[in-house]
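Throughout, read-outs are computed from the coordinates displayed, never taken from laboratory work. What you are looking at is a predicted structure, and each value in this text was computed from that prediction instead of being measured. As a convention, Cβ positions derive from the backbone with ideal geometry for all residues, glycine included, and neighbour counts pool all protein chains shown.
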Amino acid sequence: MNSIISSVDPIAFRLGPLEVAWYGIIIVTGMFAAVWLSMKESGRRGIEEDFIVDMAFWIIPAGIIGARLYYVLFELQTYLADPIRIFYFWEGGLAIYGGLILGFITLYWYANKRNVPLWLLVDILAPHVMLAQAIGRWGNFINQEAHGTEVTRQFLERLQLPDFIINQMNIDGSYYHPTFLYESVWNLIGFAILMTLRAKTKLFRRGEVFFSYLIWYGFGRFFIEGLRTDSLYIGGGLRVSQVLSLVLFVVGIGLIIYRRLYVYPTPPYYAVGIEPEKIFEEKRRKYEKSKK
């Protein structure tokens, strides 16, 4: 049954001349959820909760900058013609992979600076980042962006979608695949799976929660990206995100196999947290004390 078409207003509310967009509210909500959950989990694994908060002040800005630079890099000719538009974030143009890449680089630097085990830290963060991504995709829904190819209204109705989603997928008189929804649901399922499996005492070795995140997200994004109409491309008509998704999928599987079979001593289980480092540090102190 057709209903009256009415899209969602991208502006949540106005305070005088200031407009607060739903997109920003949704992104911040996802970030807050990831930080809060990571704080609670870090405490259980022997890392101070304040460390996560301090780290977030570095990683979040780095992620935003990385997401923008990644997008600009693959649309370079457009921005070279009008460089000032590089700073026009409100026009859109944030690529999640760019945010993840620069965010990981920043995390690597900060973990080394504070002497926190990298693989334990990314294991703590990975499921919560996936949840943040699932939430953040609804910002694309509000802005009617990151959608797929054209479909019929009947196709969307057969997916049993509520009218507010179907109506929002009507853009200039045509309906489109809600790829934001596909990815959001995929990430939400991944979050639930990783959280469930991570609770098992002897399932994940250090780093394997993160590698599983790469596998799950890479696999799903590869297929979902193939439906989108706004992909960034490299030579030969290849979609950048599909290539990178495939790389992450293979790397995630390869690292799990390599570290299980060829790394010695075998990395500790995730559940033991930072305890091995604490034991080692205590032994080091005793040894140095005995030498005096």
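Scanning the chain for long hydrophobic helices, with DSSP H runs required to stretch 18 angstrom or more by C-alpha along their axis and to average at least 0.5 on the Kyte-Doolittle scale, returns 22-44, 49-73, 96-114, 118-143, 179-198, 208-225, 240-261.
Structure remark: mean-square fluctuation, Gaussian network model of the chain, C-alpha springs under 10 Å; the largest value among Pro268, Pro276, Pro127 belongs to Pro276. Peptides 29-36, 175-182, 108-115, 11-18, ordered by how many other C-beta atoms sit within 10 Å of their residues on average, highest first, read 175-182, 29-36, 108-115, 11-18. Over the C-alpha atoms of segment 126-291, the Rg to Rh ratio, Rh being the Kirkwood estimate, stands at 1.15. For a straight C-alpha distance cut-off of 19 angstrom, the lysines reachable from Lys278 (same-chain residues fewer than eight places away being disregarded) are Lys113, Lys286, Lys289. Between Leu232 and Val240, Ser241, the built amide H atoms are under 5 Å apart, and every one of these is 5 or more places off in sequence or on another chain.
When the helices of the chain are scored as -39500 (n - 2.57) per DSSP H run of n ≥ 4 and the total is divided over every residue, the value at 222 nm lands at -21500 deg cm²/dmol. Note on the chain: GNM, Cα springs under 10 Å; of Leu203, Leu125, Leu227, the largest mean-square fluctuation is that of Leu203.
For segment 150-163, putting each phi into the Karplus relation 6.51 cos²θ - 1.76 cosθ + 1.60 with θ = phi - 60° gives couplings of 5, 9, 9, 4, 4, 4, 5, 5, 5, 7, 6, 7, x, 4 Hz, in residue order, rounded to whole numbers and with x for Gly and Pro. Centre-to-centre, using Cα atoms only, segment 177-230 and segment 140-166 are separated by 22 Å.
Give the Rg/Rh ratio for the chain, taking Rg as the radius of gyration of the Cα atoms and Rh as the Kirkwood radius, to two decimals. Checking Rg against Rh, the ratio lands at 1.03. The label point for Ile193 and the one for Glu277, both projected 7 Å from the Cα toward the Cβ, are 2.9 nm apart.
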